[in-house]
Amino acid sequence: MLDSVKIQRRQSEIRQALAELAGAETLTDETRSKMDAMDREYQDNERRFRAALINEDEQRQAAKGELETRSSREWAEMMAGFEMRQVALHLDEGRQIDGQTGEIVQELRSQGGFRGIPVPWQALEQRAGETISTGTPAPVSTRPIIDRLFPDSMASAMGGQMIAIDQGAAEWPVVTSSVSAGWQASETGDVAAPAAYATTDRAMTPANTLGVQMKITRRSLKQSGSALEQAVRRDMAGAIGQAMDAAVFNGAGASGEPLGVISGAATYGIVETAVAATASVAAFRAAVAAFMADNAASGGSAVRAMIRPELWAFLDGKMFDAGSGLTEWDKLAALLGQISTTSNGLAAPSGTPAATTALLTTTTGGVAPFFIGAWGAVDVIRDPFSDAASGGLRLTALATMDVTVARPVQLRVLTGLELA
């Protein structure tokens, strides 16, 4: 216990004793002696109390850095011990959830309502180095940051930031005004008039819920250790990551899906450039120049691109300069900072000749080009009837997510990139 707290308690006891002595009808020599002694002790304690506060404040300042990082570090270490196997066995046979897993489940339940067992997003990360013989998690690296839960997803590769939201709607004010400056035209003239500081709120609401169903056989349930642990985590993370990528970029904004970045480019105010010509590095160079003109990127190295595999194959087979032996792909790879190929985030080529779409993003001032909001935790619910005949376990994982664009100037969509 801190010395200052001990002194405060003693001061309270002295005040109570003095109040009892002061209430006596007559004062004896013994009573006066007690009151004088308590009064002296009270005055001395006041000086000790001030000294204790100064000393404890110095100790707090010395340990400030450790105190600020300890809570996040301890939470990350606790998350590393979360076992999906306990969740599956609890839903199947009612086994008690204990240890760090039980503590995390109780903490999540206290923060929001769940029909099943709440599973934190951090528990879906891909882990390595777990001991097979005992099944005790011992991850090589701990990844407590939520935007790294799906490191292989296109949303992460394109600079999207995943944000944890406890409950309710959330919005981020993004600066949209440009401050103007002007020189004084004459000695007695006025400088430029003040410009209003304007922001635009980018809101996300918990109106879109993704559901993932998993079927675990009775044989799998009887396995112990990391086999079931890794299988459940890998399958759930893979299914959520794939559905998230498809919705982040091509979500319809209806039928339960959030509005995707590419499908909702007009709504978000993202510039769409119709190339309507054979795909080449020149189209991407023009988009990079537009980023630079808008002060959104300092050069091609700050720009990310997401393309279809068919576009990669076409550019890699098309010579940029017959004399140098370089292909269009070689020049594009040298121009941009990062290129990712996907068949999930972009629609398949269509039309005659076949044409595809590409997305370009950049991060400006530390602000991600788009946000992905994840509410609370993943709610895992058991279906006791679907696989009852085979003794299996059917799980449904519910995740509430939404997408919004921070600054439209940080994204550009190229359409009509012809592959012929």
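Every number here is computed from the coordinates shown, using simple stated rules; none is lab data. Computed from a predicted model, the values in this text were never measured in an experiment. Glycine gets a Cβ as well: all are built from the backbone with ideal geometry, and neighbour counts include every protein chain shown.
What FRET efficiency comes out for the pair GLN184/SER298, r = Cβ-Cβ distance, R0 = 35 Å, nearest 0.05? Efficiency, from the Cβ-Cβ distance: 0.65. Note on segment 201-332: Cα convex hull, mean projected area over all directions, 13.7 nm². For segment 80-88, the Karplus equation 6.51 cos²θ - 1.76 cosθ + 1.60, evaluated at θ = phi - 60°, returns couplings of 5, x, 5, 10, 5, 4, 5, 5, 5 Hz by residue, with Gly and Pro reported as x. In this rough spin-label picture, where each label sits 7 Å from Cα along the Cβ direction, the SER12-LYS34 distance is 2.1 nm. What Kirkwood Rh does segment 372-418 have if only Cα atoms enter the pairwise 1/r average? Answer in Å. Every distinct Cα pair counted, the radius reaches 14.9 Å.
Which stretch or stretches of segment 89-123 have amide N atoms under 16 Å from the point lying 7 Å from GLN213's Cα along the Cα→Cβ direction? What the label zone holds, given the 16 Å backbone N cut-off, is no residue at all. With the convex hull drawn over the C-alpha atoms of segment 3-62, the volume per residue is 55 Å³.
Mind giving me the FRET efficiency for GLU103 and ALA164? R0 is 25 Å, r the Cβ-Cβ distance, nearest 0.05 is fine.
Efficiency, from the Cβ-Cβ distance: 0.85.
Rounded to whole numbers, the Karplus 3J(HN,Hα) couplings from phi for segment 266-282 are 5, 5, 6, x, 7, 6, 10, 10, 8, 5, 6, 7, 4, 4, 7, 5, 4 Hz, using 6.51 cos²θ - 1.76 cosθ + 1.60 with θ = phi - 60°, and x at Gly and Pro. Straight-line reach from LYS331: taking Cα to Cα under 23 Å and skipping same-chain neighbours fewer than 8 places apart, the lysines in range are LYS318.
In which sequence would PHE320, PHE291, PHE284 go, from the one with the fewest C-beta neighbours within 10 Å to the one with the most?
Arranged by neighbour count, lowest to highest, PHE320, PHE291, PHE284 become PHE320, PHE291, PHE284.
Less than 5 angstrom separates the built amide H of PHE320 from those of LEU326, THR327, GLU328, all sequence-distant by 5 or more or on a different chain.
Peptides 235-247, 19-31 ranked from most to least packed, by the mean per-residue count of other Cβ atoms within 10 Å: 235-247, 19-31.
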